[in-house]
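This report concerns only the one structure given below.
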Amino acid sequence: MESLETELERARDLDEAALADAIETIGFECTRCGACCKGYEPDEGEHTDTSDREPHTATVFPDEVRALQEAVDYDWRDVARPMPYGLSEGEDGPEGETFEWALQTDSCGDCTFYSESEDGTGACQVHDDRPLICRTYPFSVDLGGTSQPMGEAVDEEGVVRAHECEGLGRDISREAAEDLAGALKERAIREIEEAIGVRDSYEPAAVDGVVVHDSEGAKRTDGRPVDE
Ligand code: SF4
Ligand code: SF4
């Protein structure tokens, strides 16, 4: 298996012009349907307004949580929740260890920063500060490693993969494609740097409740280090 360091080198060597070419070939214009910001029906893959759907789950890095906190003057917990994977329901609520943070969701399972006008047009309340994963959706990069972020691709061109999105296949300007390519490369690098940070800082934490391991160490759900 290739090391994360090898993958990181590959990410740093990504050719932005080639990424932009691939994005132009696939084509994309956001229709603001909101599907990538909302909870979903797991069985049907549809995005509905029922209360029992799966919550929206998108990774947000620790520094991105702080940027969002500053932008909207929210507490850590209002911005991010522990990734649910690996947690179980204990007598006093969720417990266990997990890795990384997800954008916080509302009671409908939608991203807490998502809003929708009466005609169904979606909007992001933190558009200028949105995390890299939002800035680059519906694209990801395949670096040939074991991880395939964001699951199945519906289209691909070179190392660029495209995921479910009704805006795919639309014309995109060179300028927009280059902007997306730059963000995509930045995200590819950041994801691997974060994974290396988690690997290097991980130490089991013997505390009650939920512990979240990110690249800065083990934290409580309010973002404080466990040893504070
Ligand atoms: S799913 Fe695609 S078209 Fe819909 S809001 Fe997200 S990026 Fe835009
Ligand atoms: S931060 Fe904005 S773009 Fe990202 S999921 Fe939330 S509403 Fe959508």
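Cβ-Cβ under 6 Å, sequence separation 6+ or interchain: first residue in the range 51-65 and within 16 Å of Y114 (Cβ to Cβ), partner at pLDDT 95 or above and part of a helix (DSSP H, G or I). Which pairs?
From the range 51-65, the pairs are A58/I133.
So how many residues does the range 170-189 have that are closer than 18 Å to C36 by Cβ, open to solvent by 60 Å² or more (accessible area, probe 1.4 Å) and more than 16 Å from ligand 2 (Cβ to nearest atom)?
Residues in the range 170-189 being closer than 18 Å to C36 by Cβ, open to solvent by 60 Å² or more (accessible area, probe 1.4 Å) and more than 16 Å from ligand 2 (Cβ to nearest atom): 1 in total.
Sort through T25, T121 and tell me the only one that's in contact (Cβ under 8 Å) with a residue 60 or more places away in the chain, among the β-branched types (V, I, T), open to solvent by 40 Å² or more (accessible area, probe 1.4 Å) and touching a strand residue (DSSP E or B) at 6+ places or on another chain (Cβ under 9 Å).
Exactly one of T25, T121 is in contact (Cβ under 8 Å) with a residue 60 or more places away in the chain, among the β-branched types (V, I, T), open to solvent by 40 Å² or more (accessible area, probe 1.4 Å) and touching a strand residue (DSSP E or B) at 6+ places or on another chain (Cβ under 9 Å), namely T25.
Taking the range 201-225 as the search range and keeping residues that are of a type in the set (D, E, K, R) and modelled with pLDDT of 95 or more, which one is nearest to P94 (Cα to Cα)?
R220
Of all strands (runs of 3 or more DSSP E) completely enclosed by the range 1-103, which ones contain at least 2 residues that are of a type in the set (D, E, K, R) and farther than 27 Å from D155 by Cβ?
Because the criterion is at least 2 residues that are of a type in the set (D, E, K, R) and farther than 27 Å from D155 by Cβ, the strands (runs of 3 or more DSSP E) in the range 1-103 that meet it are 93-99.
Check V211 against each of (1) within 30 Å of L87 (Cα to Cα); (2) in a loop (DSSP other than H, G, I, E, B); (3) among the β-branched types (V, I, T) and name the one condition it does not meet.
(2)
Name every residue in the range 130-149 that is within 13 Å of ligand 2 (Cβ to nearest atom) and either modelled with pLDDT under 95 or not in a helix (DSSP H, G or I) (or both), in order of residue number.
The answer is R130, P131, Y137, P138.
Which count do you get for residues in the range 150-174 that are outside any loop (DSSP other than H, G, I, E, B) and either within 13 Å of ligand 1 (Cβ to nearest atom) or in contact with a strand residue (DSSP E or B) (Cβ under 9 Å, 6 or more places away or on another chain) (or both)? Give the derivation first.
Just the residues of the range 150-174 that are outside any loop (DSSP other than H, G, I, E, B), to begin with: 155-157, 160-162, 168, 174.
Retained after the next criterion (residues that are either within 13 Å of ligand 1 (Cβ to nearest atom) or in contact with a strand residue (DSSP E or B) (Cβ under 9 Å, 6 or more places away or on another chain) (or both)): 155-156, 160-162, 168.
Residues flagged as outside any loop (DSSP other than H, G, I, E, B) and either within 13 Å of ligand 1 (Cβ to nearest atom) or in contact with a strand residue (DSSP E or B) (Cβ under 9 Å, 6 or more places away or on another chain) (or both) within the range 150-174 amount to 6.
Quick check on this structure: which one of S107, S115 is assigned to a strand (DSSP E or B), over 24 Å from G197 (Cβ atoms) and open to solvent by 30 Å² or more (accessible area, probe 1.4 Å)?
Working: S107 fails: assigned to a strand (DSSP E or B).
Being assigned to a strand (DSSP E or B), over 24 Å from G197 (Cβ atoms) and open to solvent by 30 Å² or more (accessible area, probe 1.4 Å) holds for just one of S107, S115, which is S115.
What is the number of the single condition among (1) away from ligand 1 (no atom under 16 Å from the Cβ); (2) surrounded by 21 or more Cβ atoms within 10 Å (Cβ to Cβ); (3) among the aliphatic types (A, V, I, L, M) that A195 does not meet?
(2)
Name the residues in the range 79-100 that are open to solvent by 70 Å² or more (accessible area, probe 1.4 Å) and free of Cβ contacts under 8 Å to residues at least 40 places away in the same chain, would you?
Residues satisfying the conditions are Y85, E89, E91.
The values are calculated or read from the model by the stated rules, or taken from the named source; none is laboratory data. All values reported here derive from a predicted model rather than from experimental measurement. Don't worry about glycine lacking a Cβ; one is built from the backbone with ideal geometry, like all the others, and counts go over all protein chains shown. Accessible surface areas use protein heavy atoms only, side chains included; no ligands, DNA or RNA. Shrake-Rupley method; radii C 1.70, N 1.55, O 1.52, S 1.80 Å.
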